[in-house]
Amino acid sequence: MADKVCLQPCLGLRKEAVLGRQALYVIHEDLLPDETVLGCGPALNANVQEDVDFINLYPVLTVEACDLDCATKLVDKKQQRAARTIRIPDLVNELKLDLDALPEEHIDIEDPAVQAVAKRIAEDVKELLTSS
């Protein structure tokens with residue numbers, strides 16, 4: 001059984017990407033700090049050892065903002081597979097969030113939408129921890 005999950009975020013600039021990244025910060029810093037590591041796409045792409053270790057040692061949960069699946073493809077490029085992929089547009093629909101109500105420039109981690117997405121993704125992290 002794994003003791004941590006690697007959270008690998010999408011690096012896009014859309015609201016969905018920012019919402020997802022902010023939610024992962026909440027999970028890693030506040031909700032499940034001892035059960036998660038936070039991956040960094042540019043560091044993984046540059047073969048920074050810590051980020052390579054994250055995807056080799058722990059199940060990876062990728063968070064995607066669109067159908068390009070850049071985070072998932074990056075993990076694949078490093079000869080690993082995401083244990084689970086979360087799509088922010090699907091969560092927005094599931095949680096009945098209004099993206100238009102979110103600010104254009106920056107979405108604060110205290111925003112109710114960020115908190116709701118973080119709590120929902122944290123459920124997936126807990127499932128991965130018990131199933132791996």
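Points to keep in mind about this one:
- Pairs, first of a type in the set (S, T, Y) in segment 74-88, second modelled with pLDDT of 95 or more, C-beta under 7 Å, six or more apart: T85/T62; T85/E64; T85/T72
- Any hit, segment 109-119, residues being surrounded by fewer than 19 Cβ atoms within 10 Å (Cβ to Cβ) and either at pLDDT below 95 or within 19 Å of L11 (Cβ to Cβ) (or both): yes
- Filtered residues of segment 1-47 (kept if outside any loop (DSSP other than H, G, I, E, B) and among the polar types (S, T, N, Q)): Q8, Q22, T36, N45
- Among the residues of segment 96-108, the ones that are surrounded by fewer than 16 Cβ atoms within 10 Å (Cβ to Cβ) and either without any contact (Cβ under 8 Å) to a residue 40 or more places away in the chain or assigned to a loop (DSSP other than H, G, I, E, B) (or both) come to 9 in all.
- Segment 48-67 - residue that is assigned to a loop (DSSP other than H, G, I, E, B) and free of Cβ contacts under 8 Å to residues at least 24 places away in the same chain and, of those, surrounded by the fewest Cβ atoms within 10 Å (Cβ to Cβ): D67
- Selection of first residues in segment 109-132 that are more than 17 Å from P33 (Cα to Cα) and of second residues that are among the hydroxyl-bearing types (S, T, Y), restricted to Cβ pairs under 9 Å at least 6 apart or on distinct chains, gives the following pairs, ordered by first then second residue: S132/Y58.
- Failed item, numbered, when S131 is tested on (1) surrounded by fewer than 17 Cβ atoms within 10 Å (Cβ to Cβ); (2) small (G, A, S); (3) more than 19 Å from A2 (Cα to Cα): (3)
- Qualifying residue in segment 10-29 (condition: in contact with a Phe, Trp or Tyr (Cβ under 9 Å, 6 or more places away or on another chain), hydrophobic (A, V, I, L, M, F, W, C) and modelled with pLDDT of 95 or more): no
The values are calculated or read from the model by the stated rules, or taken from the named source; none is laboratory data. It should be emphasised that the depicted structure is a prediction, and the values quoted were computed from it without experimental measurement. No Cβ is skipped: glycine too gets one built from the backbone with ideal geometry, and neighbour counts run over all protein chains shown.
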